[in-house]
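Chemist: Below is the structure I would like to discuss, written out as structure tokens.
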Amino acid sequence: MSITARCITLSSGALMPALGWGTWEMGERPAKRGDEVEALSLGLELGILMVDTAEMYGDGAAERLVAAAIAGRRPRTFLVSKVYPHHATRRGIIAACERTLERLETDYLDLYLLHWRGDIPLEQTIAGFEALRAKGRIRGWGVSNFDTADMQELMALPGGQHCVANQVLYHLAGRGVEWELLPFCRRHKVAVMAYSPLGRGRLLRHRALQNIARRIDASPAQVALAWLLAQADVGAIPKAARVTHVRECAAAAELVLSPQVMSELDEAYPAPTGPTPLEII
Ligand code: NAP
């Protein structure tokens, strides 16, 4: 069975699958590697064709694991990786990207993100991203963990408007971005990628979510993901290292929540009523 997953049209015109696979903490334990490759491969086989990774994850181990899982599927996979802030100088970012591409056994990334804001001036990072884009090493670039003030600063810089995505913590029990950041990104056509969309697994143990999920014959993970994916310009990147979890998360791409369920979720997990500092893991 292959799932027809929705895509987000980025401001560059590229299509990014709205649902993808996180890889943080994968590839780090040799004993688990085989199962993790199997899980990620299954996720792609099921039709969820985006993978999110980073040079930071296991010091490159997650990128190597991704290479094994996407073997034979590269052209159909939307591949995202992230650069450390301390590598994000004009030259440093190019060198970091080359190492990432080597570990991923590919010659381009679909999306390259600045993992979080560091001390290096954004002008330098933009110059590095743009140089990589001109060389065809990346198809697009974005940021992660940028709050509204960071985004405003970025957008005001030459080339800043080429940022296509901001990856931030966002889940049912962590809706702070809805106050200001999400509307800002929406206005500037910057896609929001929700990381830790299952609240690192803890959200799934909430009684309120479990009760709603049981009633509609879905799992808590599926409801949590479908709730995020109900917004046309929001993506989600759950991490699932077990095949049962992968199957469950993949099926969320086809779950449409009724207005009644959406309002029950709103009641159990209210939207913010004022400015909320961006949560960062
Ligand atoms: P998450 O996706 O919210 O939750 C992952 C946890 O949920 C794992 O323990 C996983 O278990 C479990 N899980 C997955 N599917 C499940 C299911 N159907 N039923 C029950 N449990 C399920 O947490 P995350 O890893 O923090 O976030 C996802 C991805 O976002 C990361 O892997 C990473 O790629 C990205 N991220 C980015 C940043 C950033 O700064 N940009 C920060 C954090 C995360 P198993 O693994 O055992 O299946």
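Chemist: Working only within segment 95-108, note down all residues that are of a type in the set (A, V, I, L, M, F, W, C) and either out of contact with any helix residue (DSSP H, G or I) (no Cβ under 7 Å at 6 or more places or on another chain) or surrounded by fewer than 20 Cβ atoms within 10 Å (Cβ to Cβ) (or both). Spell out how you get there, then give the answer.
Modeler: Taking segment 95-108 as the starting set, the residues that turn out to be of a type in the set (A, V, I, L, M, F, W, C) are 95-97, 101, 104.
A95, L101, listed by residue number.
Chemist: Being under 20 Å from T125 (Cβ atoms) and β-branched (V, I, T), is that true of even one residue in segment 63-80?
Modeler: yes
Chemist: Next question. Tally the residues that are part of a loop (DSSP other than H, G, I, E, B) and either farther than 16 Å from L204 by Cα or open to solvent by 40 Å² or more (accessible area, probe 1.4 Å) (or both), restricting the search to segment 243-281. Full working, then the answer.
Modeler: At the first step, the residues of segment 243-281 found to be part of a loop (DSSP other than H, G, I, E, B) are 255-258, 269-281.
Remaining after also requiring either farther than 16 Å from L204 by Cα or open to solvent by 40 Å² or more (accessible area, probe 1.4 Å) (or both): 255-258, 270-281.
Count: 16.
Chemist: Further question: Conditions: (1) within 14 Å of the ligand (Cβ to nearest atom); (2) without any contact (Cβ under 8 Å) to a residue 40 or more places away in the chain; (3) of a type in the set (K, R). R73 meets all but one. Number of the miss?
Modeler: (1)
Chemist: Another question, if that's okay. Considering each residue of segment 191-242, count those that are within 22 Å of R6 (Cα to Cα), open to solvent by 20 Å² or more (accessible area, probe 1.4 Å) and part of a helix (DSSP H, G or I), and give that number.
Modeler: Residues meeting the conditions: 3.
Chemist: Does any residue of segment 181-194 turn out to be near the ligand (Cβ under 9 Å from one of its atoms) and out of contact with any helix residue (DSSP H, G or I) (no Cβ under 7 Å at 6 or more places or on another chain)? Write out each step before concluding.
Modeler: To start, the set of residues in segment 181-194 that are near the ligand (Cβ under 9 Å from one of its atoms) comprises 193-194.
From what is left, the residues that are out of contact with any helix residue (DSSP H, G or I) (no Cβ under 7 Å at 6 or more places or on another chain) are 193.
Checking segment 181-194: at least one residue is near the ligand (Cβ under 9 Å from one of its atoms) and out of contact with any helix residue (DSSP H, G or I) (no Cβ under 7 Å at 6 or more places or on another chain).
Chemist: Condition check: within 16 Å of the ligand (Cβ to nearest atom), among the aliphatic types (A, V, I, L, M) and within 30 Å of L15 (Cβ to Cβ). Does L204 satisfy that?
Modeler: When the stated conditions are applied, L204 passes them.
Chemist: Tell me, which residue of segment 146-168 that is aliphatic (A, V, I, L, M) and open to solvent by 10 Å² or more (accessible area, probe 1.4 Å) is nearest to the ligand (Cβ to nearest atom)? Steps first, please.
Modeler: Restricting attention to segment 146-168, the residues satisfying the condition of being aliphatic (A, V, I, L, M) are 149, 151, 154-157, 164-165, 168.
Filter once more, so that each one left must be open to solvent by 10 Å² or more (accessible area, probe 1.4 Å): 149, 155-157.
Values: A149: 18, M155: 19, A156: 23, L157: 21 Å.
Only one residue tops the list, namely A149.
Chemist: Follow-up question, since we're still on this one. Name the residues in segment 136-145 that are in contact (Cβ under 8 Å) with a residue 40 or more places away in the chain and within 15 Å of the ligand (Cβ to nearest atom), would you? Show your work before the answer.
Modeler: Step one: filter segment 136-145 for residues in contact (Cβ under 8 Å) with a residue 40 or more places away in the chain, giving 137-140, 142, 144-145.
Answer for segment 136-145, where residues must be in contact (Cβ under 8 Å) with a residue 40 or more places away in the chain and within 15 Å of the ligand (Cβ to nearest atom): G142, S144, N145.
Chemist: From G140, G136, G128, G118, which residue is crowded, with 18+ Cβ neighbours inside 10 Å, of a type outside the set (K, R) and out of contact with any Ser or Thr (no Cβ under 6 Å at 6 or more places or on another chain)?
Modeler: Details: G140 fails: out of contact with any Ser or Thr (no Cβ under 6 Å at 6 or more places or on another chain); G136 fails: crowded, with 18+ Cβ neighbours inside 10 Å; G118 fails: crowded, with 18+ Cβ neighbours inside 10 Å.
So the residue among G140, G136, G128, G118 that is crowded, with 18+ Cβ neighbours inside 10 Å, of a type outside the set (K, R) and out of contact with any Ser or Thr (no Cβ under 6 Å at 6 or more places or on another chain) is G128.
Chemist: Check off (1) open to solvent by less than 10 Å² (accessible area, probe 1.4 Å); (2) without any contact (Cβ under 8 Å) to a residue 60 or more places away in the chain; (3) of a type in the set (A, V, I, L, M) for I48 and give me the number that stays unchecked.
Modeler: (2)
Chemist: Further, regarding this structure: Across segment 176-190, what is the total count of residues that are in a loop (DSSP other than H, G, I, E, B) and surrounded by fewer than 23 Cβ atoms within 10 Å (Cβ to Cβ)?
Modeler: Adding up the residues that qualify gives 4.
Chemist: While we're looking at this one, here's another question. State whether one or more residues within segment 28-38 are at negative phi and outside any helix (DSSP H, G or I).
Modeler: Our first condition is that a residue be at negative phi; within segment 28-38, this holds for 28-38.
In the following step, the residues that additionally are outside any helix (DSSP H, G or I) were identified as 28-29.
Yes, segment 28-38 contains a residue that is at negative phi and outside any helix (DSSP H, G or I).
Chemist: Scan segment 17-29 and report the pairs whose first residue is within 15 Å of L198 (Cβ to Cβ) and whose second residue is part of a loop (DSSP other than H, G, I, E, B) and more than 8 Å from the ligand (Cβ to nearest atom), with Cβ atoms within less than 7 Å and a gap of 6+ or a chain change.
Modeler: From segment 17-29, the pairs are L19/A5; L19/I48; G20/I48; W21/I48.
The values are calculated or read from the model by the stated rules, or taken from the named source; none is laboratory data. Not measured: the values here are computed from a predicted model. Heads up, the Cβs are rebuilt from the backbone with ideal geometry, glycines too, and the neighbour counts pull from every protein chain shown. Heads up: the accessible areas ignore ligands, DNA and RNA and are worked out on the full protein's heavy atoms, side chains in. Shrake-Rupley method; radii C 1.70, N 1.55, O 1.52, S 1.80 Å.
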